[in-house]
Amino acid sequence: MPVHMTAAAVKRLQGGTNVPKAGKRATEANVVSRSVIPEVRADFPRGLDLPLPPTLNHLFATVNGNRVKSAEGRAYALEAGELARIMFPEPITVPVEVAIVVHPKRGIGMDLDNCCKALLDSLTGIVWRDDSQVWRLVIERGAVIPGGRLVMVVKSFER
């Protein structure tokens, strides 16, 4: 599946001001494919198109009195890891900033922060060595997409 992000998301991450309205549908004119984003240097944005992670309520299970990652959480970590390795063959070792657009499966309420824990933990060791390297995290709600999706852009953090 090709990785896509809106041109506005790329511009916003690069310091621009083009902010799309919530619920606006992506069109050919405002979508940038992965081939446009340089894949060589960590200081250039790299994008990922991932499925929605499980909610915190489904991320962990209690087994014999111990809190462990659930089967759903482990399956998501494997899937997200496989997709992320395409764009990140080696973990980034510098502080990063992450911009996330969450495309919910339904138009009703969804806690945007509920997906961050599963997402960031799943990409540890693949995109970055540790999720403590995320120094800036921006998350916004995107258009409703059946099944839901999550578009994430990562680049080196600069003060």
- Does a label point 7 Å from the Cα of Thr55, set along Cα-to-beta-carbon, have any residues of the range 124-159 with amide nitrogen under 16 Å, and which are they? 147-149
- Item | Mean Cβ count within 10 Å, highest first, over the residues of peptides 85-92, 46-53 | 46-53, 85-92
- Note on the structure: Exposure proxy check on Leu78, Leu119, Leu150: fewest-to-most Cβ neighbours within 10 Å is Leu78, Leu150, Leu119
- Listed with the fewest Cβ neighbours within 10 Å leading, Val101, Val68 appear as Val68, Val101
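Computed from the coordinates by the stated procedures, all read-outs in this text should not be read as laboratory data. Every value quoted in this text rests on a predicted model; they were computed, and no experiment measured them. Cβ: placed from backbone, ideal geometry, glycine included. Neighbour counts: every protein chain shown.
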